[in-house]
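Working notes, beginning with the structure itself.
The values are calculated or read from the model by the stated rules, or taken from the named source; none is laboratory data. None of the values given here were measured: they were computed from a predicted structure. Every residue, glycine among them, receives a Cβ derived from its backbone with ideal geometry; neighbour counts consider all protein chains shown. Please note that ligands, DNA and RNA were not included when accessible areas were found on the heavy atoms of the full protein model with its side chains. Shrake-Rupley method; radii C 1.70, N 1.55, O 1.52, S 1.80 Å.
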Amino acid sequence: MATIRQLLIATLCGLLGGVLAQTDWAAQLRGEMNSTRIEEFLRILTEKPHLAGTQDGYDLAEYVRQTWVDQGLDSAHIAPYDVLLSYPDPDRPSFVALLDEYVNIFLVVL
């Protein structure tokens with residue numbers, strides 16, 4: 001995590017002037033990436049449904065926020081906002097179809 005902090009500070013202060021310095025930082029960041037940790041994080045993110053605007057969605061956002069703080073980020077905040085959402089209705093599923101020029105359906109998404 002120290003490398004990421006150093007990169008952020010150097011970027012904000014304008015210390016990354018040359019291409020060589022940027023390449024060195026990129027190599028250090030690649031060296032810190034861990035495919036096993038990424039795979040586990042993605043598994044947790046996708047293991048159960050989480051519709052936006054629901055408690056499950058909030059719980060997942062809180063998990064991501066806390067994970068970043070635990071990894072060394074000074075702070076992370078969940079910013080509330082209002083947006084009109086469309087929720088699936090199991091009794092009346094959405095219907096989307098792609099038509100060709102002769103109005104033949106060749107793809108349906110429910």
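Summary table below
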| read-out | value |
| --- | --- |
| Residue match in the stretch 82-97 (condition: touching a strand residue (DSSP E or B) at 6+ places or on another chain (Cβ under 6 Å) and among the β-branched types (Val, Ile, Thr)) | yes |
| Number of the condition not met by TYR81 [criteria: (1) surrounded by fewer than 10 Cβ atoms within 10 Å (Cβ to Cβ); (2) in a helix (DSSP H, G or I)] | (2) |
| Filter result (in a loop (DSSP other than H, G, I, E, B), open to solvent by less than 80 Å² (accessible area, probe 1.4 Å) and not polar (S, T, N, Q)) within the stretch 51-70 | ALA52, GLY53 |
